[in-house]
Amino acid sequence: MLKLYMKLPEYVNMLIQLLHVQLIFFQLLASVDPKALKLTRIDDEIYNHFRKDFPDFQVRKLDEDAMKTAELKAVSVTMSAYWADVYG
């Protein structure tokens, strides 16, 4: 137990540094116009596939309850598996 306690400051320091890096990444992402933001080379393909599978899904204001329906879960699992095979 004493060894864990002695290393605690190292972990806290590391967590603070990681949080700082995450905040920088978030600020960079938030500073870019979403229309110009490209995270992968196939972003447009993924978005078009998403819109085909979820034509009525409102992305401007997310409704958590609507996202938890069995129908949406089934489609999202299929879509995720498809892109994992293509991109992963």
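Laboratory data are not the source of any read-out in this text; all were calculated from the coordinates shown. Values in this document were obtained by computation on a predicted structure and should not be read as measured data. Quick reminder, even Gly has a Cβ in these numbers, built from the backbone with ideal geometry, and neighbours come from all protein chains shown.
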Computed ³J(HN,Hα) along the range 23-30: with the Karplus parameters 6.51/-1.76/1.60, θ = phi - 60°, integer Hz and x for glycine or proline, the list is 5, 5, 4, 4, 4, 5, 5, 6
For the residue 58, residue 81 Cβ pair and Förster radius 25 Å, calculated FRET efficiency rounded to 0.05 is 0.55
Fewest to most Cβ atoms within 10 Å: 72, 29 sort as 29, 72
If one builds a Gaussian network model of the chain from Cα atoms under 10 Å apart, the most fluctuating residue listed among 78, 69, 40 is 69
One finds, for residue 71 and residue 18 with R0 = 35 angstrom and r their Cβ-Cβ distance, a FRET efficiency to the nearest 0.05 of 0.40
